[in-house]
1. Counting helices only, and only those DSSP H runs with n ≥ 4, report the 222 nm mean residue ellipticity of the chain as the sum of -39,500 (n - 2.57) divided by its residues, in deg cm²/dmol to the nearest 500.
2. Quantify, in whole percent, the carbon and sulfur part of the accessible surface of the stretch 1-44 (1.4 Å probe; protein heavy atoms only).
3. Pull up the cross-link candidates among the aspartates and glutamates for LYS16, meaning alpha carbon to alpha carbon under 17 Å and not fewer than 8 places away within one chain.
4. Distance in nm between label sites at PHE239 and SER126, each 7 Å beyond Cα in the beta-carbon direction?
5. Of the heavy-atom accessible surface of the stretch 270-314 (probe 1.4 angstrom), what whole percent is carbon and sulfur?
6. Looking at the stretch 1-67, which GluC sites (Glu not before Pro) are in a loop (DSSP not H, G, I, E or B) and have at most 13 other Cβ atoms within 10 Å?
7. Accessible area per residue for the chain in Å², computed with a 1.4 Å probe and the full protein assembly in place, what is it?
8. Say R0 is 22 Å: what FRET efficiency, to the nearest 0.05, do SER309 and GLU223 get from their beta-carbon distance?
Amino acid sequence: MKELKDALLENGYSGKEELQETEILNEGLSFTKLRDKLYSLGDIVFEDQNNHIYIVNVKSSFLSNTVTVAIKWKSNKICLCGYCSKGLIKTNSVQKTFKKIENVIISDSLPNKKSIKKLIIIAICSVILVLLGIFSIRVIMIRVATDDYNNAVNDFNKTVEEYNGIAIKGDVKSVSDLPESMETIDLQSTDLISMIGVSLSNNSSEKIRKDTDTVREITTDNENAIAIVNQLICPKQDFVIQKLKSIDSIKGIEAVTKENNPDGLLNKDGGYYGCLYFTTNLLDEKTIPGKSIVDKGTDAGGAIELYNSLDDAKKRCEYLASYDGTILTTGSYVLVGTMVIRTSFKLDDNEQYKLTDSIIKAMTTV
């Protein structure tokens, strides 16, 4: 059997798999006829006519392992040496293959038509069962992925409802990254018929998981948007002061109090609950009359007026708009949340825009 082992080593055998051996009596079978018999069993991968050796790969059924057998022909006997490669079913694969070779070679018992038909039916049934199993697993994976997607959508829709409930309390049109309102996403059906339909389509659990990740990313963006809008609706005066201090072009800040209430709007019906005047390094405040920043008014830089409601802030903008184009114009103004952001008329259009933009960016930084 050493001759057969050497032949196997030269043709892919690693030396690790267990070799099994046997012998079959030869009852007049020629070397050439032996080759014809082996063709019905599997693939002949090696042939040595001088030493009368064949190597054949045999796979007896759909789920079984491939068995590699080296066969030495002699006039009085046929020697077999084989091993089984890794696979699904390994038990007794080599011995079963030896028996099959013996049946074909010695008894010449080729499968009859009924046996072939039975084997075909078994093979077809096996394929169908495997395909049904694979499809069932696909349906289950898609159902799990869809459930996770729906959970993500529920969380997303909650942030949408919260955002819309807050956004209507203020004006966010001047904030480029904030929508005036958001829309919810529909949930996906998870009944069996729907899952089968999804499984038969081009969709997959992997695609659904990617969609889920996208929904969760947008949900995080929504949460940030909610935090920003909350900062713009009736903010505390101290909070606004801190935001103004973070702007490089703003020099000084002074709040309106009941002692220095220049226009009488502080805490009045429809008036602001807080107002912060500020100066800017874009202007020389010494050239502007007034003993304090509040006295100098918006001329020295600008102001932020804080209102309790969107309606009050809108009315204030309408009042300021009535002076547009007249000698009484006080500069630019914009409604953000429930605040009116104003800048000095002494600044040119570009300076007014940049200063207002700096204030909005500061107020929308979380």
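The values are calculated or read from the model by the stated rules, or taken from the named source; none is laboratory data. Source: prediction; values computed, not measured. Here the Cβ is made from the backbone with ideal geometry for all residues, glycine too, and neighbour counts use every protein chain on show. In case anyone asks, the SASA skips ligands and DNA or RNA and just uses the protein heavy atoms, side chains included. Shrake-Rupley method; radii C 1.70, N 1.55, O 1.52, S 1.80 Å.
1. When only DSSP H runs of four or more count, the value is -14500 deg cm²/dmol.
2. 42 percent
3. ASP6
4. Taking the simple label geometry, PHE239 and SER126 are separated by 7.0 nm.
5. Using a 1.4 Å probe with all protein chains present, the stretch 270-314 comes out at 46 percent carbon and sulfur.
6. GLU10, GLU18, GLU27
7. 58 Å²
8. After rounding to 0.05, the efficiency reads 0.30.
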